[in-house]
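A.B. asks: Would you mind keeping the following structure in view while I ask a few things?
The values are calculated or read from the model by the stated rules, or taken from the named source; none is laboratory data. None of the values given here were measured: they were computed from a predicted structure. Quick reminder, even Gly has a Cβ in these numbers, built from the backbone with ideal geometry, and neighbours come from all protein chains shown.
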Amino acid sequence: MRSSRQLSPLAVFLLFVTPAVRAQTAPPPAVVQQIDALATDDGTAQRAAVAALGESGDRNVIPTLEALREESLYVWTPPNGTRRMVIARDKTTVDDHEQYLLQDAYGGARLHQADGSEISAPAEELQEVSVDRRVRTAIQVVLERFKLLDSDPVVRRAAAKNLADKGDIIALEALAKAQAAEPDPAARTVIDEAYNLLKLSAPSDQDKLAAISRLGVLRSADAVPRLEELRKTASPQLQAVILPTLDHIRWWQKVNRLLYAVFSGLSLGSILVLMSLGLAITFGVMGVINMAHGELMMIGAYATFITQNWFLAHVPAQAFGFYFLAAIPLSFVAAGAAGYVLERGVIRFLYGRPLETLLATWGVSLILIQAARFWFGDLTAVAAPSWLSGGIEVIAGVQLPYNRLFIIAFTMLCVAGVYLLLLRSSAGLRIRAVMQNRAMSASMGIATNRVDAFTFALGSGLAGMAGCALTLIGNVEPDLGQNYIVDAFIVVVTGGVGKLVGTVAAALGIGWLNTFLELVTDSAVMGKVLILVFVILFLQRRPSGLFPPTGRAVEY
Amino acid sequence: MEPQAPSDVSPQAPRVLAVASPDHTLRDPYRRVSAGVGLIIAALVLVVVLPLLNVIGRPLPGTEDVGAWYWISDVELNLLGRYLSYALLALGLDLIWGYTGILSLCQALFFCFGGYCMGMYLSLQTGAEGVYESTLPDFMVWNRVTELPLFWQPFHSFWFTMALIVIVPSLFAFIFGFLTFRSRVRGVYFAVLTQALAYSTWLLFNRNSMNLGGTNGLTNFKKIVPTFFGHATTFRLSEPGVQRGLYVVTALFLVAAYLLCRWITRSRLGRVLTAIRDNENRVRFSGYNPANFKLFVFTLSAALAGVAGALYVPQTGIITPGKMSVAASIDMVIWIAVGGRGTLVGAVLGALIVNAGYSYFTTHFAAYWPYFLGLLFVAVVMLIPRGLIGLPAQLRERLARSSRRGQTE
Amino acid sequence: MKIYQVGAVRRTVATAVIGTVVLCMAARGMADDGAPIKVGILHSLSGTMAISEVSLRDVDLMAIDEINAKGGVCFTKEGKKTCHKIEPVVVDPASNWDLFAEKAKQLLLQDKVAIVFGCWTSVSRKSVLPVFEGNNGLLFYPVQYEGEECSDAVFYTGAAPNQQAIPAVEYLMSEEGGGVKKFYLLGTDYVYPRTTNKILRAMLKAKGVPEENIREEYTPFHHQDYQQIVQKIKEFSAGGKTAVISTINGDSNVPFYKEFANQGLTASDVAFSVAEDELRGMDTSALVGHLATWNYYESVDTPANKAFAAHFKEYAKKHNLPDAEHRVVDDPMEASYFGVYLWKQAVEKAGTTDVDAVRKALYGMEFAAPSGTVKIDERNHHTWRPVLVGEIKKDGQFKIIHRSKGLVKPEPWSEYTSPDKGCDWVDHKGTYEKNAK
C-alpha cells in the first residue's frame, strides 16, 4: 500500500464509477470537496479539512473521520474509472488474492455493484491517506463534538470531558447547546463542567467570574491547575474569588481520597480474607501448615486461564464473558483435587508434626511452581470479562472498579458459604467433631481419615477460588502464590488460629490499616513494613491472636 | 471450633524421636577416642590439607597447563569456602532447632546482617577505586546521596566492623527473642513470626532510601585492610592467596564453632535445651525458665550466622537483600534436615551436600533442579526424618523390626 | 561432583573422586585444531527472572545453530581455512545473584569459554563484573540499562538512557507527541528506574519544566496493589497534558495497567520495561494505546526482520519451547541475537578468540541486524541503535509512531547528570573527566 505522495490537494473530484453505486443520501458537494482535501501530505491542509468537516455538522462524516484516524481511508483508483475516496478495513479473498471490501467514504456504507455484490479492490489500487499525531488530535476533537449529540449518555459524558481537555472556544457553543438539550443529569454535570472550564479562557472578567463560581459549586478537580494558572495573572477582584474556590475544591479532594481509601481498605481486606479463608481451615482447624497454599491458588488461576482459552475456542464471542462464572467452580474443583492428592500423599503421614509439614509442603510448592513454568511458560494472559471492566462512579472523582466490587461480594458469599457448611451441614458437624476430639469421633463411627481429606480439599478448593478471583487484578504466573503466602499466614495467625471470625476480622483490620498507613506515609513499602512490625508487636501482647482458641488444652 | 493444639508430639502420630542422640554412644571410651581422632583428622584436612592442595600443583601462569591431578583449583576452593560458611550457619541453626526445638525461619536475616556489616566495610575500602572514584560507595553516588550517612561511619574501622558483625545480629536476635520468648510464643507461631520479620526486613533493605544499596546490594569489593598494632596490611580480594587465606579462616572458625557447640550440647545447659525441645512445660514446672535458655541459644545462633555471613561475603563478592528472603531461610532448614537434626556433624554434612548438589544441578540439569530440590525436601522429611547421619540407625532399626516380626510369626 | 564429608573412609573416596574429576577436566583441556569454540550462556532459567531470560537463551542458541549450520566460525591461518563450530555451555544461575558470580567463575576458569552472553538485571551484571574484569573475560550484555558504567570487559548491546528514556520524553514534550507538561515518574524501586529518573529529572529541569510538575514514586518488586497510586496519578493529571513515565518492572505491570484502566484514567503513559515478550502474557485490552520506547520492535517492516521473526517462531516450534505458538521477538532478544553475530564477525576479523584481539576488532564494527544496521561505538563499548516510539496494539505488537533520524550515539554518561564524564577505552582507560586535560 503506497501512502499518498503525488496527489495535489484540490485536484480530485468525485465521479461516479461505472459499477453503479447503490444510492445514498446524496452527499453535499462542499462536504465531498473537504473529504477529497483530506488526501494530502500537508498536515496543515489536512487539519483545515478536518475542521471544515466538523463545522459542517454532517453526521455522515463521522465514519470518514474515524477511518482517517485509524488510517483506513484510502484513495481508490479503479482500473477503468475515476479516483474516489473509500474506506477499506475488512478483507476478503477473491480468486486466491487478498482484497479489501470497500466502503463509501461518506457515510461508510458498503459499496455494491449494480447486481448487488460487494465491491472489493486489491491493495495495488489503494493509496493510504496517512495522518500524523496532530491531525489525529484534531480529528479527536471534532469527533468529540459530534459525540456530544450521541445517543449514549456515557459517550456524551466522555466527549464533554475530552473537549474540556483538548477543545477550544469554538466548542463552547456546542457545549452550551448540548447542555440545554441533555436529558441525563450526570452527563449534564460533566458538560456543565467542561463548558465552564473552557469559559475560563474567555476574554471578559465577568464570564470568568461566573465560570469560577460555577466550578466551585461543581467542585471540579480539573479546574485546579487552570485556576492556579489564572491566579498568577488575574485581577484582585478575581483573586478574591479564586482562592476560596481553590480551597473548597482541595478540601473536597481530600474527602475523596479518604472515601476512596475506605473502599480501598475494604477491597484489600476482602482479598486477604479470600486468600486466608482456605488457609484458616487447613491451618486453623486442622493444625496443618501448608506452604503450598499459594500454589493451590496458582492452580485455581491457571484453571481460569484454561477455561478462558476453551471458551475462546469453542464458544461464540457474545457468551465469552461467562467464562468467568464457569471458571469459579472449575478452579474450586481443580485446586480441591490437588489438595486431596497432597493430603493423601504427603500430609497424612505428617500429622502432629507441623514443622515437618511446613518443610514437606515447601518442597511440593517448588515442584508445582516449576511444573507450571514448564507447562504454561511464564506469563499467561487472562482477560477480564467485559462486564467486570471499568467501574461505577459513585461521586465525582471516585470510581469504584467493578472487579473489586465483585471480589468483595464474592468474598462475602464464600465466608457465608463456609459458615453454613461448617455450622449447618452434617459434613460440617463431622469436621468439627473430628477436630475437637479425634478419638471420640472415631469411636462414634466417623471415618476420620476421610473427613481429614475432605477438610483439606475444602481448604484447597477455597484457595483455588481465591486464585480465580485474583486473576481479575493481577497476573497469572507460576510465582503467584509466593506473593501472597506470607500475608495469608500472618492474617490467620493474627486472627487467632481456629476461629474463622478471627481470620475475617484480622484480614479486614490489616487491609484498612495497611491502606491508611500507605495514605499517611505516602509510600507503599512503608505501609507494608509498618503493618508487619505492628503484627509482630501485636502478637507479643496477644500470642494467640485476636480470637484465641478457647479451652484448656495444655501444649505439651 | 477447637483445634488440636499443634505440637511436635501428639497421641496419634508415632512417637518419633527426630534425633539420633549420640550422647549415650559416647560413653563408650573406644567410641569417644575414635570420634575425637576423626574430628582431629577432619579439622586437619579442612584447615591444612585442602588449602595445601591449592598451593602445590598449581598450573604455570600463561601456559595451557591445567595443573596436577590433585590440584584443587581456585574456583573449587572458593566454592568450598562458601560452603563452609554455610556450614557455620547450619551449626547455629541446628543448635536452636535440632537441640532446642525452635524453628527459626529468619537465620538468613542474621546471616545477612553479618554479611552487610562486612559488605559496608569492604565498600568503604573500595572507595576511590570504585566506578565513580569517590569516597562514597557507588550506589550512593547514583542515588544522589552526597554525604556518608551516620550509621556507615563506624565501618571505616576494621576491628569495629568485626565487633559489629557479632553485635548487630546478636542484639537484634536478643531483642526479638526477649519479646517473643517471654510471651511464650513457640512452635508454629514463632516460625510464622520469624517469617514476618524476615519479610519486612527484606522489604526495608530493598528500599534505596535505606542507603544500603537497595536491591542491588553491595558489590565491587576490592580489598581488606586490617590493622594489627597500628600497622595496616592490604589484602586484595582478587589474589588467589587472599582467597585461600579467607578459606583457611573460615575453616578455622568452623572448627572453633563446632567445638563450642559440642561443648554446649555436652554440658548441663545442653541437657536443659534438649529437655525444652521435648517438653517445655515440664521444664518450666521443674523450676527452670525456658525463656532464658531459648534466648541464649537464639542469640548465639544469630551470632554464628552473622560471622558466617561476614566470611561468606568477601568470598562471593556481593551481598543483596535476596539473601534474606523467606525462601533462603527455609532452604537453610532443609540442610539440617538432610544432614540430621540434633547432630552437629549432620548439620555440617547437610549444608555441604545440599549446596554442592545445588551447584551441580544448576550446571548440569539447568531448569530441572527445582524438581530435584523439591523432591529432596519431601523425601527427606517423609522417608529419612533423622537425616543422613541417622540413616544407618534407621536402617538398623528397620532390620531389627522386620527380624523381630519374623521371629514372632 | 565433590562431596566433602567428615569420616575417614569417605574422605578417601572423596579424594579419589576429586582426582578423577580433575583428571577429566585436564584431559578436556587438550584441544585439537578445528576444535569447537566454547561460549557461555548465563541466563536464569528458573526463579523470578526466568520470565525474561529464557527467551534470551533461546535466541542465543538459535543464533549459534544458524552459525554452525553455515560452518561455524571460520578463519584463515597461513592460507588454510579452518572452521570451528560453536559449542554453547548453558548454565542456570536461577535468579540468584550469588550464583551468577559462581557460574561466571566456572564458565571462565573451568569451562574456559571464549565469551559469555548473559545477564539481564543490573544486579546480576554487577555481581559478575569483578569476575570478568579480574579474569580478562568478555561479556555481551543485551538489555537496556541505566548507564553510568564503562567496563572494558563488557559490550553493551542494549540501550543506554539517552537511547531510550530521553528520546521518549522529548517526543512526548513535542507537539506531535501531545505537548505533555506534567510528568509522573513511576518505577519499581531499584537502580534502573532510580538512575533513569535521575537523568530524566535533570533533563526536564534543563528544559524548563517546574518542580511541581514532576512527581517521582517507587513501588517494591511484585507490588500488586496500585489503587492509591492510581488515585494519586488521577489527581496529579487533573487538567490534562500529563504523562506517566513507567519503569515498572515485571509482574507489577499487569496490576498497574488494570487499575489504570479500571479507574478510568486517560493520561498518556510510556513504559520502558514493557516489550512484546511481556505483552504476550498480559491481557492487552488494558494497555492498548499506551506507548513504549525501544530500539526494535517485531513489527519493524523490513524483509530481514520478517525473516528473523518467522525463523524464531519456527525454531520455537521445532524445539518444543513452551507456548511456542505465541512466541514473539523483542528488543533484548534482537540485541542478544546480533551480539552473537557481532562477536563471530570480530573473531573472524581478529583471527583468534583471544579476548584482547577480539575486543579491538569489535570497535566500530557494523552488522546488518534485523532492525537495520547497528554499530558498536569506536570507543565506549556501547552500540549505536535507532530509537522507536511504539503504541501498543490489541494483538500485543507495537505500531511505530515515531522514529529517530538514523542511529543514536550511545552515551553511558548522560549529558544531563554527568556532563563532565565520558567513557573511552581508546584514548583513556574507561571513565574519564572531560575537563581534566
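A.B. asks: Among the residues of the range A:252-291, what is the count of those that are outside any helix (DSSP H, G or I) and more than 10 Å from every other protein chain (Cβ to nearest Cβ)?
C.D. replies: Restricting attention to the range A:252-291, the residues satisfying the condition of being outside any helix (DSSP H, G or I) are A:286-291.
Those left that are additionally more than 10 Å from every other protein chain (Cβ to nearest Cβ): A:290.
Of the residues in the range A:252-291, 1 are outside any helix (DSSP H, G or I) and more than 10 Å from every other protein chain (Cβ to nearest Cβ).
A.B. asks: Also, quick follow-up: Name the single residue, out of those in the range C:192-223 being among the polar types (S, T, N, Q), surrounded by 21 or more Cβ atoms within 10 Å (Cβ to Cβ) and under 30 Å from A:Val398 (Cα atoms), that is nearest to the other protein chains (Cβ to nearest Cβ). Give the steps one after another, and end with the answer.
C.D. replies: Residues of the range C:192-223 among the polar types (S, T, N, Q): C:195-197, C:213, C:219.
Imposing the further condition that a residue be surrounded by 21 or more Cβ atoms within 10 Å (Cβ to Cβ) reduces the set to C:195-197, C:219.
Retained after the next criterion (residues that are under 30 Å from A:Val398 (Cα atoms)): C:197, C:219.
Numbers: C:Asn197: 10, C:Thr219: 5 Å.
For the range C:192-223, the residue satisfying everything is C:Thr219.
A.B. asks: For the structure I just gave you, tell me whether A:Tyr351 is more than 14 Å from chain C (Cβ to nearest Cβ) and touching a Phe, Trp or Tyr at 6+ places or on another chain (Cβ under 9 Å).
C.D. replies: Values: more than 14 Å from chain C (Cβ to nearest Cβ): yes; touching a Phe, Trp or Tyr at 6+ places or on another chain (Cβ under 9 Å): no.
In short, no.
A.B. asks: Residue under question is A:Trp362, and the condition is that it be within 22 Å of A:Gly461 (Cβ to Cβ), surrounded by fewer than 24 Cβ atoms within 10 Å (Cβ to Cβ), of a type in the set (Phe, Trp, Tyr) and at pLDDT 85 or above; does it hold? First the steps, then the outcome.
C.D. replies: Numbers: within 22 Å of A:Gly461 (Cβ to Cβ): yes; surrounded by fewer than 24 Cβ atoms within 10 Å (Cβ to Cβ): no; of a type in the set (Phe, Trp, Tyr): yes; at pLDDT 85 or above: yes.
Spelling it out, it is not the case that A:Trp362 is within 22 Å of A:Gly461 (Cβ to Cβ), surrounded by fewer than 24 Cβ atoms within 10 Å (Cβ to Cβ), of a type in the set (Phe, Trp, Tyr) and at pLDDT 85 or above.
A.B. asks: Against the conditions (1) within 14 Å of chain A (Cβ to nearest Cβ); (2) farther than 30 Å from A:Leu530 by Cβ, where does B:Leu88 fall short? Just the number, please.
C.D. replies: In the conditions (1) within 14 Å of chain A (Cβ to nearest Cβ); (2) farther than 30 Å from A:Leu530 by Cβ, B:Leu88 misses (1) alone.
A.B. asks: State whether the residues of the range B:237-249 include one that is away from chain A (no Cβ under 14 Å), in a loop (DSSP other than H, G, I, E, B) and not hydroxyl-bearing (Ser, Thr, Tyr).
C.D. replies: Of the range B:237-249, the ones away from chain A (no Cβ under 14 Å) are B:237-249.
Narrowing further to those that are in a loop (DSSP other than H, G, I, E, B): B:237-239.
Now drop any that are not not hydroxyl-bearing (Ser, Thr, Tyr), which leaves B:237, B:239.
Yes, there is a match, as at least one residue in the range B:237-249 is away from chain A (no Cβ under 14 Å), in a loop (DSSP other than H, G, I, E, B) and not hydroxyl-bearing (Ser, Thr, Tyr).
A.B. asks: While we're on this one: Kindly evaluate A:Gly511 against the criterion of being more than 11 Å from chain B (Cβ to nearest Cβ) and within 20 Å of A:Leu279 (Cα to Cα).
C.D. replies: Details: more than 11 Å from chain B (Cβ to nearest Cβ): yes; within 20 Å of A:Leu279 (Cα to Cα): yes.
Against the criterion (more than 11 Å from chain B (Cβ to nearest Cβ) and within 20 Å of A:Leu279 (Cα to Cα)), A:Gly511 qualifies.
A.B. asks: Tell me whether the range A:412-435 contains one or more residues that are in contact with a strand residue (DSSP E or B) (Cβ under 9 Å, 6 or more places away or on another chain) and buried (at least 19 other Cβ atoms within 10 Å of the Cβ). Full working, then the answer.
C.D. replies: Here is the first cut: in the range A:412-435, the residues in contact with a strand residue (DSSP E or B) (Cβ under 9 Å, 6 or more places away or on another chain) are none.
There is no residue in the range A:412-435 that is in contact with a strand residue (DSSP E or B) (Cβ under 9 Å, 6 or more places away or on another chain) and buried (at least 19 other Cβ atoms within 10 Å of the Cβ).
A.B. asks: Are any residues in the range A:57-104 touching a residue at least 12 places away in the same chain (Cβ under 8 Å) and over 29 Å from C:Gly289 (Cα atoms), and if so, which ones?
C.D. replies: Scanning the range A:57-104 gives A:Thr77, A:Pro78, A:Pro79, A:Asn80, A:Gly81, A:Thr82, A:Arg83, A:Arg84, A:Val94, A:His97.
A.B. asks: In the range C:358-393, which residues are in contact with a helix residue (DSSP H, G or I) (Cβ under 7 Å, 6 or more places away or on another chain) and polar (S, T, N, Q)?
C.D. replies: C:Ser371
A.B. asks: How about the range B:125-162: which of its residues are touching a Leu at 6+ places or on another chain (Cβ under 8 Å), within 13 Å of chain C (Cβ to nearest Cβ) and within 21 Å of B:Gly115 (Cβ to Cβ)?
C.D. replies: Hits for the range B:125-162 are B:Pro137, B:Phe139, B:Met140.
A.B. asks: Checking the condition farther than 18 Å from C:Ala114 by Cβ, modelled with pLDDT of 90 or more and crowded, with 16+ Cβ neighbours inside 10 Å, which residue from C:Val59, C:Val22, C:Val39, C:Val54 passes? Can you show your working first?
C.D. replies: Values: C:Val22 fails: modelled with pLDDT of 90 or more; C:Val39 fails: farther than 18 Å from C:Ala114 by Cβ; C:Val54 fails: modelled with pLDDT of 90 or more.
Answer to the check: C:Val59.
A.B. asks: For the range C:360-375, check the following and say yes or no: at least one residue is under 27 Å from C:Leu279 (Cβ atoms) and β-branched (Val, Ile, Thr).
C.D. replies: yes
A.B. asks: Which of the residues that make up the range C:378-433 are aromatic (Phe, Trp, Tyr) and farther than 19 Å from C:Phe140 by Cβ?
C.D. replies: Our first condition is that a residue be aromatic (Phe, Trp, Tyr); within the range C:378-433, this holds for C:384, C:398, C:413, C:416, C:425, C:432.
Across the range C:378-433, the qualifying residues are C:Phe398, C:Trp413, C:Tyr416, C:Tyr432.
A.B. asks: Restricting the search to the range A:213-233, which residues are without any contact (Cβ under 8 Å) to a residue 24 or more places away in the chain and over 19 Å from C:Gly240 (Cβ atoms)?
C.D. replies: Of everything in the range A:213-233, those that are without any contact (Cβ under 8 Å) to a residue 24 or more places away in the chain and over 19 Å from C:Gly240 (Cβ atoms) turn out to be A:Arg214, A:Val217, A:Thr233.
A.B. asks: Find the helices (runs of 4 or more DSSP H) located wholly in the range A:467-547 whose residues include 1 or more that are closer than 22 Å to C:Asn262 by Cβ and in contact with a strand residue (DSSP E or B) (Cβ under 7 Å, 6 or more places away or on another chain), and list them.
C.D. replies: Working: elements: A:480-495, A:500-521, A:524-541.
By residue number, A:524-541.
A.B. asks: Let me ask something additional. Of the residues in the range B:209-266, how many are within 22 Å of B:Ala128 (Cα to Cα), β-branched (Val, Ile, Thr) and in contact (Cβ under 8 Å) with a residue 60 or more places away in the chain?
C.D. replies: Of the residues in that region, 4 qualify.
A.B. asks: Quick one: C:Val143 ticks every box in (1) of a type in the set (A, V, I, L, M, F, W, C); (2) in a helix (DSSP H, G or I); (3) within 13 Å of the chain's Cα centre (by Cα) bar one, so which box is it?
C.D. replies: (2)
A.B. asks: Additional query: Going by the conditions given, is C:Ser252 within 11 Å of chain A (Cβ to nearest Cβ), within 22 Å of the chain's Cα centre (by Cα) and among the polar types (S, T, N, Q)? Let's see the steps before the verdict.
C.D. replies: Working: within 11 Å of chain A (Cβ to nearest Cβ): yes; within 22 Å of the chain's Cα centre (by Cα): yes; among the polar types (S, T, N, Q): yes.
Against the criterion (within 11 Å of chain A (Cβ to nearest Cβ), within 22 Å of the chain's Cα centre (by Cα) and among the polar types (S, T, N, Q)), C:Ser252 qualifies.
A.B. asks: Mind telling me which of the residues B:Gly374, B:Gly342 ends up being outside any helix (DSSP H, G or I), within 14 Å of chain A (Cβ to nearest Cβ) and either crowded, with 16+ Cβ neighbours inside 10 Å or among the small types (Gly, Ala, Ser) (or both)? Before you say what the answer is, go through the steps one by one.
C.D. replies: Details: B:Gly374 fails: outside any helix (DSSP H, G or I).
Exactly one of B:Gly374, B:Gly342 is outside any helix (DSSP H, G or I), within 14 Å of chain A (Cβ to nearest Cβ) and either crowded, with 16+ Cβ neighbours inside 10 Å or among the small types (Gly, Ala, Ser) (or both), namely B:Gly342.
A.B. asks: If you don't mind, another one. Output yes when any residue across the range B:190-203 is farther than 15 Å from B:Met120 by Cβ, more than 10 Å from chain A (Cβ to nearest Cβ) and either surrounded by fewer than 22 Cβ atoms within 10 Å (Cβ to Cβ) or in contact (Cβ under 8 Å) with a residue 12 or more places away in the chain (or both), and no when none is. First the steps, then the outcome.
C.D. replies: Kept after step one, since they are farther than 15 Å from B:Met120 by Cβ, are these residues of the range B:190-203: B:190-203.
Add one more test, that the residue is more than 10 Å from chain A (Cβ to nearest Cβ), and what stays is none.
No, the range B:190-203 has no match at all.
A.B. asks: Next question. Quick one: count up the residues across the range B:281-291 that are in a helix (DSSP H, G or I), in contact with a helix residue (DSSP H, G or I) (Cβ under 8 Å, 6 or more places away or on another chain) and free of Cβ contacts under 8 Å to residues at least 60 places away in the same chain. So that I can check it myself, show each step before the final result.
C.D. replies: Initial filter on the range B:281-291 (in a helix (DSSP H, G or I)): B:281-285, B:290-291.
Checking which are in contact with a helix residue (DSSP H, G or I) (Cβ under 8 Å, 6 or more places away or on another chain) leaves us with B:282-284, B:290-291.
Adding the requirement that they be free of Cβ contacts under 8 Å to residues at least 60 places away in the same chain leaves B:282-284.
The qualifying residues number 3.
A.B. asks: If you go through the range C:365-380, how many residues are surrounded by fewer than 16 Cβ atoms within 10 Å (Cβ to Cβ) and over 19 Å from the mean Cα position of the chain (by Cα)?
C.D. replies: If we filter the range C:365-380 for residues that are surrounded by fewer than 16 Cβ atoms within 10 Å (Cβ to Cβ), which is where we start, we get C:366, C:368, C:373, C:378.
Imposing the further condition that a residue be over 19 Å from the mean Cα position of the chain (by Cα) reduces the set to C:378.
Looking only at that region, the number is 1.
A.B. asks: A further question follows. Where in the range C:156-256 are there helices (runs of 4 or more DSSP H), lying fully within it, with 1 or more residues that are more than 30 Å from C:Ala335 (Cα to Cα)?
C.D. replies: The qualifying helices (runs of 4 or more DSSP H) are C:191-206, C:227-236.
A.B. asks: Please count how many residues of the range C:163-180 are facing another protein chain (nearest Cβ under 9 Å) and over 26 Å from C:Thr383 (Cβ atoms).
C.D. replies: Matching residues across the range C:163-180 total 3.
A.B. asks: In the range A:325-346, what count of residues is obtained for those that are within 10 Å of chain B (Cβ to nearest Cβ) and either in contact with a Leu (Cβ under 8 Å, 6 or more places away or on another chain) or in a helix (DSSP H, G or I) (or both)?
C.D. replies: First, the residues of the range A:325-346 that are within 10 Å of chain B (Cβ to nearest Cβ): A:345-346.
If we keep only those that are either in contact with a Leu (Cβ under 8 Å, 6 or more places away or on another chain) or in a helix (DSSP H, G or I) (or both) too, we end up with A:345.
Residues that pass the stated criteria total 1.
A.B. asks: Just the residues that are in contact (Cβ under 8 Å) with a residue 40 or more places away in the chain, surrounded by fewer than 22 Cβ atoms within 10 Å (Cβ to Cβ) and over 25 Å from C:Asn197 (Cα atoms), please, taken from the range C:115-154.
C.D. replies: Residues satisfying the conditions are C:Asn136, C:Asp152.
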